[in-house]
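Visitor: Structure in structure tokens, see below.
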Amino acid sequence: MTTAMGASLPGRAVHRAPAWVAVGAWGAGLVGAAVGAAAIVGVQADTVSRSLGAAAVAHGLLALAWGAVCLARGRTVAPRSALVGVFAGITLIVALLATGPGATSVVAVGVFVALSVTVGAGIGWGIRHPSRGGGVAGLIAAAAVVAVLVTPALGSAQDAATAEPDGTFAPVVEHHGH
């Protein structure tokens, strides 16, 4: 809780990571959900990859929701739990890569890990050094950087889902006019 002067009351710390942290969480959430979905529906999917994929999709959706709540409230919500979530997400995505390396996009995993580490560092920074949020310019810059990273990662996750074990791709049937 803060006073009218903006100072925190004793015992009630308000953690504020920069606003770009929430945008980074959205990017990681999108990539994590895409990698998870690819593991579920992939040509090479098995029970383990489908289970890990479902967990990755759930984690990605939670990351998206967490980022939205942080932006709506103007502060970092549950920062220590969010850090645990960052490490859990990295572990989950790396496990997907380890269990089905041919069926998981290395590019998407790399982008996910990079965004997650950045989000974790931003949360940690916000715990130690509360920020005012960064303003609209910071959000626009963060959104641009995340879009540049996430867009190719999503495409590579789709490519990994449609790859056959021999490296060829399953045909995508188009329904023109339907």
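Visitor: Identify the residue in the stretch 72-90 that is without any contact (Cβ under 8 Å) to a residue 40 or more places away in the chain and closer than 15 Å to residue 18 by Cα and, among all such residues, is most open to solvent (accessible area, probe 1.4 Å).
Guide: Among those that are without any contact (Cβ under 8 Å) to a residue 40 or more places away in the chain and closer than 15 Å to residue 18 by Cα, it is 73.
Visitor: May I pose another question? Out of (1) more than 21 Å from residue 127 (Cβ to Cβ); (2) in contact (Cβ under 8 Å) with a residue 60 or more places away in the chain, what's the single condition that is false for residue 48?
Guide: Only one criterion is unmet by residue 48, namely (2).
Visitor: Would you check if there is a residue in the stretch 37-50 being modelled with pLDDT of 85 or more and either exposed (fewer than 14 other Cβ atoms within 10 Å of the Cβ) or in contact with a strand residue (DSSP E or B) (Cβ under 9 Å, 6 or more places away or on another chain) (or both)? Quick ask: steps written out before the conclusion?
Guide: Here is the first cut: in the stretch 37-50, the residues modelled with pLDDT of 85 or more are 37-40, 47-50.
Filter again for either exposed (fewer than 14 other Cβ atoms within 10 Å of the Cβ) or in contact with a strand residue (DSSP E or B) (Cβ under 9 Å, 6 or more places away or on another chain) (or both), leaving 47-48.
Within the stretch 37-50, one or more residues are modelled with pLDDT of 85 or more and either exposed (fewer than 14 other Cβ atoms within 10 Å of the Cβ) or in contact with a strand residue (DSSP E or B) (Cβ under 9 Å, 6 or more places away or on another chain) (or both).
Visitor: Quick one: what pairs do we get from the stretch 109-130, first residue under 13 Å from residue 19 (Cα atoms), second basic (Lys, Arg) and not in a helix (DSSP H, G or I), C-beta under 7 Å, 6+ apart or different chains?
Guide: Within 7 Å, the pairs are 126/16; 130/16.
Visitor: Within the bounds of the stretch 104-113, is there any residue that is among the small types (Gly, Ala, Ser), over 12 Å from residue 24 (Cα atoms) and in a helix (DSSP H, G or I)? Full working, then the answer.
Guide: If we filter the stretch 104-113 for residues that are among the small types (Gly, Ala, Ser), which is where we start, we get 105, 108, 110.
Pick out the ones that are also over 12 Å from residue 24 (Cα atoms) and you get 105, 108, 110.
From the residues that got through so far, the ones that are in a helix (DSSP H, G or I) too are 108, 110.
Yes, the conditions are met somewhere in the stretch 104-113.
Visitor: Still on this model: Yes or no: residue 61 at pLDDT below 90, assigned to a helix (DSSP H, G or I) and either out of contact with any Ser or Thr (no Cβ under 9 Å at 6 or more places or on another chain) or surrounded by 18 or more Cβ atoms within 10 Å (Cβ to Cβ) (or both)? Write out each step before concluding.
Guide: Values: at pLDDT below 90: no; assigned to a helix (DSSP H, G or I): yes; either out of contact with any Ser or Thr (no Cβ under 9 Å at 6 or more places or on another chain) or surrounded by 18 or more Cβ atoms within 10 Å (Cβ to Cβ) (or both): yes.
Criteria not met by residue 61.
Visitor: In the list 133, 100, which residue meets the criterion of being under 19 Å from residue 48 (Cα atoms), open to solvent by less than 20 Å² (accessible area, probe 1.4 Å) and at pLDDT below 75?
Guide: On the way: 133 fails: under 19 Å from residue 48 (Cα atoms).
Result: 100 is the single residue among 133, 100 that is under 19 Å from residue 48 (Cα atoms), open to solvent by less than 20 Å² (accessible area, probe 1.4 Å) and at pLDDT below 75.
The values are calculated or read from the model by the stated rules, or taken from the named source; none is laboratory data. What you see is a predicted model; the values in this text were computed from it and never measured. All Cβ positions, glycine included, derive from the backbone under ideal geometry; neighbour counts span all protein chains shown. Just the protein is used for accessible areas: all its heavy atoms, side chains included, with ligands, DNA and RNA removed. Shrake-Rupley method; radii C 1.70, N 1.55, O 1.52, S 1.80 Å.
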